[in-house]
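In what follows, a single structure is set out as structure tokens and then discussed.
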Amino acid sequence: MAAVPGGLFAVYKPAGVAWGRVREAVETRLLRELNAVPGRAPRQHVRFLPAPGDDGAPGLVAARVPVLADHPLVRGPRFRRLKIGAGHRLDVKASGVFVLGIGYGNKLLTDLYNCHLTRVYTVGGLLGKATDDFSDTGKLVEKTTFDHITREKLERILAVIQGTNHKALLMHSNIDLKTQEAYELAVKGLIRPMGKSPPIITAIRCLQFALPEFQLEVHCLHETQQYLRKIIHEIGLELKSSAVCTQVRRIRDGVFTLDDALLRTQWNLQSIQNAIWDCQLKVKTELEKTLGHQDKIHLHKMDVEMAHAVDS
């Protein structure tokens, strides 16, 4: 009999598809495979059926027959709906790592949200034009020159952005930097806002530069994909030009990377079960490091789930 997997896993969301459609596609595939697994045999009960006696007279004979209520055509599919939760959303134009949770994985999604982990994106830019929504598919607003822009000028702008955001990071972390607590958090890499804050860029660097195109790697907290597109627009203005965003691709979401993300052809029961198992340990480790004693009870439940998976 098939068991519903429980835990966290990541899929790769393509651009042009809403995150809700991705979740529905995963749920549909899992339901189809879970219901295709043979279930338990129908229960048997005793019925007295008519049968001719030895003398030819009608009589009754006891017989075991299946309970019709257990017949698949009567009972219907065993699984009709799965509780699949979504982690940090990606808008329609964005692509990349998209974390989902099944069963008790929905509680883990909340725990990871409370960890306020860094997410990493590669963001593409195109110099020389501006649009109404900061993307290359928006309505064209203006065209500008860009021949005066060099990689060095771009990297100076990126350094200013990172410096400004580092000050915001320390301010919203609400930590006295002169204390022992601040030192210990810095050693563990845990200095970050543990509550609501504006979007914060913790690191930004240029990966590629070939006029008029460039590509950045952005590490950030509490961001939206539209915020990243606006950053590209503002970089264009700082460079005395204009720029639009050509791509927003999430390459890491907390402990999940592109290597963990299942492609569309892997959205099946076996691959998802394997992905949940492969990621359980690093999810548990991150929760222990960040939330500590707050989640001991739930971490114990993770241990039980992992032991159950080994036994099965």
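Taken together, the values in this text are just the output of simple stated rules run on the coordinates, not laboratory data. These numbers come from a predicted model, not from an experiment. No Cβ is skipped: glycine too gets one built from the backbone with ideal geometry, and neighbour counts run over all protein chains shown.
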For Val141, distant residues with modelled amide H under 5 Å away: Ala130, Thr131, Asp132
Equivalent ellipsoid semi-axes, the stretch 79-144, via Cα gyration tensor eigenvalues times 5, rooted, Å: 36, 15, 8
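I need the peptides 130-141, 227-238, 94-105 ranked by packing, meaning the mean over residues of other C-beta atoms within 10 angstrom, with the highest value on top.
On the way: 130-141: 15.0, 227-238: 19.8, 94-105: 22.8.
Ranked from most to least packed, the peptides come out as 94-105, 227-238, 130-141.
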